[in-house]
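Step one of this worksheet: look at the structure below.
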């Protein structure tokens, strides 16, 4: 225990010597750390009293809040505008789809009507051409029959003239031939 007391006494003596070597400077009994605290306190008091820092800080915060509110209002307005544009675009898309469906239906109906009209026109054209061909055939038949009758009449007239010429005298032959020709001309024309 005696050794412990000696050690403690030596340590205290060393500490005192150490303290004297590094003596701290003081002003009015206040050290450097105390003056730093005092300076900060004075600055805060001056900021509060002279510069009205809380009011400035509050004004700055109010301005920032107002700016954020303006940005939020602008964002809300832009969002509502975007939603309105989206709704318009969707309405335009639906209208365009409805128009396309109507156009498609109209085109199908017009195509069906065109097919029906074309078929009717083709049937009418075929009927007209058939009737015209039948008319030409009938006219050709009538012409052929008339030509045949004329040819037969001419042949009969020649034969009758030959027979009469062989059996009759000259005056009688001439008179009968002229009467036969006149009668044939009336019948044929």
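Quick look at the numbers
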| quantity | calculated |
| --- | --- |
| Every pair of residues 6+ apart whose Cβ atoms lie under 9 Å, when the first sits in region 60-87 and is on the phi < 0 side of the Ramachandran plot and part of a helix (DSSP H, G or I) while the second is modelled with pLDDT of 95 or more and loosely packed, with under 10 Cβ neighbours inside 10 Å | none |
| Residue 134 at pLDDT 85 or above and either surrounded by 10 or more Cβ atoms within 10 Å (Cβ to Cβ) or touching a helix residue (DSSP H, G or I) at 6+ places or on another chain (Cβ under 6 Å) (or both) | yes |
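The values are calculated or read from the model by the stated rules, or taken from the named source; none is laboratory data. Quick caveat: nothing in here was measured; it's all calculated off a predicted structure. All Cβ positions, even for glycine, are placed from backbone atoms using ideal geometry, and neighbour counts span all protein chains on display.
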